[in-house]
Amino acid sequence: MVTLMLDQAQLEIVLAPVERAVAVRRRSVVVERSAITRVQLTGDPWTWLRGVRAPGTYVPATLAAGTWRASGGKDFALIRRNRPGVVIDLDGHEEFQRIILSTRHGIDLVQALRHETGSRAEDVSDIAAEAPRDVSDGPSASAPATE
């Protein structure tokens, strides 16, 4: 499962060696925080998949990993069967317009993005656990990435 690391400047989606292999990617996906326009939680990340795989791995209803090209641009996907996920919309990212991930840490990501972080990258679950919880921080289908 991917690890989501966040610092004051960027979000890094750290891929395990197997995930890098199936996604046909040598490195983690790094996104500047300023490029994140929206983060949405989803119970079915498969509904967000668009375009054609190029390059990556696709096993219907089981695994989608890699780059998907569509008329609107490129998306990065790492989706596994029957798992909730998160959709991250980007503006100004040099490689992707959207990132679609299966992760149980979607709520933690939304909460971590709402708070200031240090210069050292930390796991979003750790940031969310340490951050004070606002009444407005409850689970929602759509939440802004930053305030």
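Key figures
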{"read-out": "V52 paired with A129, simple spin-label distance in nm, labels 7 Å along Cα-to-beta-carbon", "value": "4.5 nm"}
{"read-out": "The chain: translational diffusion in µm²/s, Stokes-Einstein, Kirkwood Rh over Cα pairs, 4 °C, 1.567 mPa s", "value": "85 µm²/s"}
{"read-out": "Computed lengthening from R20 to R81, 0.36 nm per intervening residue step minus Cα-Cα distance", "value": "20.2 nm"}
{"read-out": "DSSP bridge pairs, the chain: antiparallel proportion in percent, nearest 5", "value": "90 percent"}
{"read-out": "Helix-only [θ]222 nm of the chain, DSSP H runs n ≥ 4, -39500 (n - 2.57) each, per residue, nearest 500", "value": "-4000 deg cm²/dmol"}
{"read-out": "Protection proxy ranking, peptides 98-106, 84-92, average beta carbon neighbours within 10 Å, highest first", "value": "98-106, 84-92"}
{"read-out": "Difference of contour (0.36 nm per residue) and Cα-Cα distance, T37 to A9", "value": "8.7 nm"}
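Here, each number is a calculation from the coordinates, and none is a lab measurement. Please read these numbers as outputs of a predicted model, since none were measured by experiment. Cβ atoms come from the backbone with ideal geometry, glycine included; neighbour counts cover every protein chain shown.
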